[in-house]
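*Asks:* Supplied in structure tokens, the structure appears directly below.
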Amino acid sequence: MKTRTVRFSREHYYSLDIEEETGRRVLSIPVTFGAIDSEERYALSDELFARLVEDEAAAQAFADECRAHAHDDLLVTELGWRRGSPIEPSPAGTMLPPAPAPASAPVEGAQAIRGDEPPASVWFGPDPSGGPERVASPHRAAAAPLDERVASVASAAREGDLSGRTALVDLLHDSSPDGPSMQARLQAQRLLVSLARDEDIAEPTTFRYLDDAPMALVEAFAGSGRLLQARSATDALVRVGRAHWREPDVRRGLISSLLVLVHRQEDRRVEPTLVNLAKAAVTTLAEQPAAYLLKSGPWSPSEQIGRMRSSAERCHAQGSLFGNWFLAPDLALWSGIPGPYLKDVLLSDDDLAAVLAWADALDALAWVPGRKYFHGHDVDGGPSLR
Amino acid sequence: MANSKLDGAADEVRETLMAQFRRIARLHRKRARDRADKMESDAEAIRDLDRFDHMPDDLADVHALPNGSRPHPSTYFSREDLDDHESRFQNGGTRFMPRANLEKYGPAQADGTSFLMSSDEVDQMLIDTGGDQELMERALGLDPGGLDGDLVRVDVPNPFDHGIRMPTGNEKGANDHWLPGGTLPGGISEGVIDGGGLVRGVDYTVDDFVPGG
């Protein structure tokens, strides 16, 4: 909620504000979760607010009492299972850190990336028009050649021939000493989850290699829910979770993947466990007939497209840095339409026009909610978007 | 184990915290194993992994001590572990805070320290979650709505210039939920810098942070 600050104390870490929408008078104190800060707001009567504005010592004492949780009855900030710790003023007589320098116009960061289209390679986006192929986190520019067998399947799939799924499964199950490298297996797995039909994922043998796969492969699979999309993926992810829930990187990926697919019924403040996520999957699947899901509804990229559009417009208007680098590879992969790939850049008018033109082109495609697409081709053989 | 604040805690809280300490120990064991693998399975390095067996109890002891009296992490981590942790920040450190707080109080705590997350891991978290607010809150160990409001992303591109290190737990920003071992509850690496003299536009950049944007 927007507020208007009447007075604040940098020395004593409190602020007396008026909420613009409601007119409510509040005293706020900063609290911290470590690398993430927040604030707690305490509602004040008009009389008390006026007195604290006038009397700095009284305001300081009141803020200290709030930090000691003595005025929790006035708290308007909703608390959850974790409560931020109040940021304490320095003891009297010690030096404060220097005041922050005045804001200057943002400059593009050292890692700003401006590309005509998302990188290809393991992202399997549109064929690259030039430049190095990149792995995993494309903005980090680690070059890695695409395995020839994977490249062959990807090339055919871009043209609508999705029959290479079997070759990918064979490659992934080949754990012989002369078999494919870990990099090739990671690439094959990423392409497979992007191409796999619901029935492929439901087939128990497809992902059986995960039973004794190196942890890097399991971790990558655990985090691939947004590309898997299929209702049967919930079973595959829960199977992986039963074997590897104690591995923090696997667990983190699985929670994200399952939350992307299904809707949890219980309070979001309850810690997600494999059991309650699996129960949520059962409930979701019972209520939802679509084969491909996002947040328990029929999958569609419209949310991502809308988010990219509104973010670009806002950043352009405010002159702040923009990035679509975490959305662009997926949108290009699903649609087959290349678009601008941007990280930490100030949008010029031309940049904005390019982003919006791409969003328009994506919106114009005849996406059918609940179907899954690879380069505009329905993975189940339905009508192509092209 | 030394007398611990956990002794008087509810069973559920105690078990939750011990689960976190076991998680952190597994994380550092995994990193040490990765380092050993890069040295082509050096036998000495592999044997050294046994030291992580006692780590959950060590971390519980450190956690039990009050802010201001906790030992330096070098007393319960090796130099290689600490170097590995610092290397997570080679591409910068990041923190999130309300815009108003930044403008009023600056990016550092009253003691001049400032907690940061690994920028690489924050970026990877954005990729993994696709910018979804609920998933990001989960990954950052926040309550639902923890990323509501007018937030900014503060990036420190060169945290080594400002003494990036594993937190001791004696910093002002080390709250009741602070965990020894240099990670957030969601697993993202956190470090601390001397942030009192940071200059905006030189030492750090500020960017709007809108979940989903």
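*Asks:* Taking into account only those residues within the stretch A:345-386 that are among the hydroxyl-bearing types (Ser, Thr, Tyr) and modelled with pLDDT under 95, which is nearest to residue A:229 (Cα to Cα)?
*Replies:* Among those residues, the one meeting the criterion is A:384.
*Asks:* Taking the stretch B:104-147 on its own, how many of its residues are among the β-branched types (Val, Ile, Thr), more than 22 Å from residue B:192 (Cα to Cα) and either under 14 Å from the mean Cα position of the chain (by Cα) or open to solvent by less than 10 Å² (accessible area, probe 1.4 Å) (or both)?
*Replies:* Adding up the residues that qualify gives 1.
*Asks:* Continuing with the same structure: Does residue B:121 qualify as being closer than 30 Å to residue A:229 by Cβ and more than 9 Å from chain A (Cβ to nearest Cβ)?
*Replies:* Against the criterion (closer than 30 Å to residue A:229 by Cβ and more than 9 Å from chain A (Cβ to nearest Cβ)), residue B:121 qualifies.
*Asks:* Next up: Considering only residues of the stretch A:178-202 that are assigned to a loop (DSSP other than H, G, I, E, B) and at pLDDT below 95, which is most open to solvent (accessible area, probe 1.4 Å)?
*Replies:* A:178
*Asks:* So, in the stretch B:50-101, of the ones that are open to solvent by less than 20 Å² (accessible area, probe 1.4 Å) and among the β-branched types (Val, Ile, Thr), which residue ends up nearest to the other protein chains (Cβ to nearest Cβ)?
*Replies:* My answer is B:94.
*Asks:* Looking at the stretch A:39-50, is at least one residue among the charged types (D, E, K, R), open to solvent by 60 Å² or more (accessible area, probe 1.4 Å) and without any contact (Cβ under 8 Å) to a residue 40 or more places away in the chain?
*Replies:* yes
*Asks:* Of all residues in the stretch A:10-23, which are open to solvent by less than 10 Å² (accessible area, probe 1.4 Å) and within 9 Å of chain B (Cβ to nearest Cβ)?
*Replies:* Matches in the stretch A:10-23: A:13, A:15, A:17.
*Asks:* What helices (runs of 4 or more DSSP H), lying completely within the stretch A:267-361, carry at least 1 residues that are small (Gly, Ala, Ser), at the interface with another protein chain (Cβ under 10 Å from one of its Cβ atoms) and within 17 Å of the chain's Cα centre (by Cα)?
*Replies:* A:302-318
*Asks:* Can you name every residue in the stretch A:126-157 that is assigned to a helix (DSSP H, G or I), in contact with a strand residue (DSSP E or B) (Cβ under 9 Å, 6 or more places away or on another chain) and at pLDDT below 90?
*Replies:* Correct list: A:138, A:139, A:140.
*Asks:* Shifting gears a bit: In the set B:131, B:145, B:141, B:149, which member is free of Cβ contacts under 8 Å to residues at least 12 places away in the same chain and in a loop (DSSP other than H, G, I, E, B)?
*Replies:* B:145
*Asks:* Same structure, new question: Which ones in the stretch A:245-266 are within 11 Å of chain B (Cβ to nearest Cβ) and polar (S, T, N, Q)?
*Replies:* A:256, A:257
*Asks:* Show the residue pairs meeting these rules: Cβ distance below 6 Å; 6+ apart or different chains; first residue within the stretch A:371-385 and farther than 18 Å from residue A:201 by Cα; second residue of a type in the set (A, V, I, L, M) and surrounded by 19 or more Cβ atoms within 10 Å (Cβ to Cβ).
*Replies:* Partner pairs satisfying both residue conditions: A:376/A:385.
*Asks:* Oh, and also: Anything in the stretch B:152-194 that is at the interface with chain A (Cβ under 7 Å from one of its Cβ atoms), over 13 Å from the mean Cα position of the chain (by Cα) and not in a strand (DSSP E or B)? List them, or say none.
*Replies:* B:157, B:172, B:176
*Asks:* Looking only at the stretch A:369-379, decide whether some residue is farther than 19 Å from residue A:191 by Cβ and β-branched (Val, Ile, Thr).
*Replies:* The answer is no; no qualifying residue exists.
The values are calculated or read from the model by the stated rules, or taken from the named source; none is laboratory data. Just so you know, these numbers come straight off a predicted model, no measurement behind them. Because the Cβ atoms are built from the backbone with ideal geometry, glycine has one as well, and the counts that use them run over all protein chains shown. Protein only, heavy atoms only, side chains kept; ligands, DNA and RNA dropped before computing areas. Shrake-Rupley method; radii C 1.70, N 1.55, O 1.52, S 1.80 Å.
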